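The values are calculated or read from the model by the stated rules, or taken from the named source; none is laboratory data. This is a predicted model, so every value here is computed, not measured. Backbone-built Cβ (ideal geometry, glycine too); neighbour counts: all protein chains shown. Ligands, DNA and RNA are stripped out before the accessible areas are found, and what is left, the full protein with its side chains, is counted by its heavy atoms. Shrake-Rupley method; radii C 1.70, N 1.55, O 1.52, S 1.80 Å.
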Amino acid sequence: MRILISKVCVGLAFMCMAPAVGFAAEKSYLCAINEVYECVAVTGCSRISLDDANLVGIMLIDLEKKQLRTAPLGGEARADDIESVAVTDKAILLHGTGKREADRTWSAVISLETGNVTAGVSTLDSSLSLLGKCTAQP
């Protein structure tokens, strides 16, 4: 009986030490950008508005179609291709170049645990750092 109890305890110990599973990427995410910082050489970084950054605060990330879609109020909807998607057990990593400007690239990381999103946009003369929150869409 003691041997059986010991085997059960060892089995439970291994199950408790296994990494948590259950975080999975959904098909799409609705993201809201809360903060934007612009960084330039010499002067450093400063917080700017979404308008000054020429960004829309709400975006839909469609992993199935590999598109990042925005629809500014009163403006025309826009979709940019997501060129690279990688999913780990804790995050979704995204990368793209956009359509409007050839000399621009962006990347983003969405936490599957918290929904936090951090993103960066790089151009020839500056970079933008974006912080926000995403929620999975059914």
Of the residues in the range 34-48 that are in a strand (DSSP E or B) and aliphatic (A, V, I, L, M), the one that is nearest to Val117 (Cα to Cα) is Val36
Any idea which of (1) more than 16 Å from Glu26 (Cα to Cα); (2) free of Cβ contacts under 8 Å to residues at least 60 places away in the same chain is the one Val109 doesn't satisfy?
-> (1)
Looking for whichever is open to solvent by less than 50 Å² (accessible area, probe 1.4 Å), touching a His at 6+ places or on another chain (Cβ under 9 Å) and at pLDDT 85 or above here; the options are Ala53, Ala79, Ala86. Which one fits?
-> Ala86
Considering the range 61-76, residues that are in a strand (DSSP E or B) and not hydrophobic (A, V, I, L, M, F, W, C), and then whichever is most open to solvent (accessible area, probe 1.4 Å), we arrive at Arg69
Test result for Thr105, more than 10 Å from the chain's Cα centre (by Cα) and surrounded by 14 or more Cβ atoms within 10 Å (Cβ to Cβ) | yes
Taking Ala86, is it over 16 Å from the mean Cα position of the chain (by Cα) and of a type outside the set (S, T, N, Q)?
-> no
Does Ala32 satisfy the condition of being out of contact with any strand residue (DSSP E or B) (no Cβ under 6 Å at 6 or more places or on another chain), surrounded by fewer than 17 Cβ atoms within 10 Å (Cβ to Cβ) and either of a type in the set (A, V, I, L, M) or at pLDDT 95 or above (or both)?
-> no
For the range 109-132, name all the residues that are more than 20 Å from Asp52 (Cα to Cα), out of contact with any Cys (no Cβ under 7 Å at 6 or more places or on another chain) and in a strand (DSSP E or B).
-> Val109, Ser111, Asn116
